[in-house]
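Trainee: Here you go, one structure.
What follows draws every value from the coordinates through simple rules; no lab data is involved. Because the structure is a prediction, the values reported are computed rather than measured. Please note: Cβ atoms are built from the backbone with ideal geometry, for glycine as well, and neighbour counts cover all protein chains shown.
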Amino acid sequence: MAEQRGEFRGEFVIGMLVGALLGMGLGMLLAPSSGQEIRERLRRRADEVTDRLRGEASEVSGRIRETVRERADDLARRGRSLFEEGSRRLRDAYERGRERVAGEASGDAEQAGQA
């Protein structure tokens, strides 16, 4: 029985030492950093985020610029096409009107000549 108590004490002491060492190691890993270290980490992280945001903003800006340029070109083409179609219709209407006026004028001249 005395041996069992000795073994138990030895295991208990070893367990306590292992637990204490693990606790100290975890405490050192998880312990808060000094104010200077925290500020430096925050500054680095803010710089990283700022750089990433600038890169993404530049990329988005480029895509928006390209989309606007494409839409403007498309609108210009459509506008030119509509203008040309309107001009063609106006010329056709003008020519038909001119032909009609010329036809009526020649018809009036024939009627005047028959009378």
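Trainee: In the stretch 36-60, which residues have a backbone nitrogen under 20 Å from the label point lying 7 Å from THR67's Cα in the Cα-to-Cβ direction?
Mentor: Only 53-60 pass the distance filter.
Trainee: With a/c under 1.5 counting as rounded, go ahead and sort the stretch 38-109 into rounded, prolate or oblate using the C-alpha gyration tensor (a ≥ b ≥ c being the square roots of the eigenvalues; past the cut-off, prolate if a/b is larger than b/c, else oblate). Could you put the intermediate results ahead of the total?
Mentor: Details: a/c = 18.27, a/b = 10.95, b/c = 1.67.
Prolate, since a/c reaches 1.5 and a/b exceeds b/c.
Trainee: In nm, to one decimal, how far is the modelled label at VAL60 from the one at ALA102, with both set 7 Å along Cα→Cβ?
Mentor: 6.3 nm
Trainee: If you don't mind, there's one more thing I want to ask. With a Förster radius of 41 Å, plug the Cβ-Cβ distance of GLU37 and PHE12 into 1/(1 + (r/R0)^6) and report the FRET value to the nearest 0.05.
Mentor: 0.60
Trainee: What is the gain in length, in nm to one decimal, between ALA93 and THR50 on full extension, counting 0.36 nm per residue of separation less the C-alpha to C-alpha distance? Don't jump to the answer; show the numbers that get you there.
Mentor: Numbers: separation 43, 0.36 × 43 = 15.48 nm, distance 6.28 nm.
Full extension from ALA93 to THR50 adds 9.2 nm.
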